[in-house]
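What follows is one structure encoded as structure tokens, with my remarks underneath.
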Amino acid sequence: MPTYLICPIHRVQYVRGSRCPQCAPDRSTGAARTAQQKFRQQVLAASDGQCAYSDSAGVRCPITTTGLQAAHVTPYADDANYTVGVALCPQHHRTLDRR
């Protein structure tokens, strides 16, 4: 029986070892990769070089520039123009993606 995965970008199911049917066209043109790189550069340039997460007491996450990722605030499927993002460390990025 095949194992299925869920695409984190498009939230569609696909068979392990294959590609998400919606991602495959993007990868063949390279347009999505270029847009993602530009998105990352813009998000990190707009950040203060630190993870944007802070707890209820206002204490900031200590992760700085080298460990930061550009996170989509709205799912990629809803924001194909890559316009809304925030700089987060990997732990807080995963937390955001789970919501």
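The values are calculated or read from the model by the stated rules, or taken from the named source; none is laboratory data. Every value quoted in this text rests on a predicted model; they were computed, and no experiment measured them. Heads up, the Cβs are rebuilt from the backbone with ideal geometry, glycines too, and the neighbour counts pull from every protein chain shown.
Descriptive notes on the structure:
- Here is the figure for segment 76-99: residues that are assigned to a loop (DSSP other than H, G, I, E, B) and at pLDDT 85 or above total 1.
- Members of segment 6-21 that are within 21 Å of the chain's Cα centre (by Cα), over 16 Å from Arg98 (Cβ atoms) and in a strand (DSSP E or B): Gln13, Tyr14
- All positions within segment 45-75 that are in a loop (DSSP other than H, G, I, E, B), of a type in the set (D, E, K, R) and more than 29 Å from Arg11 (Cα to Cα): Asp48
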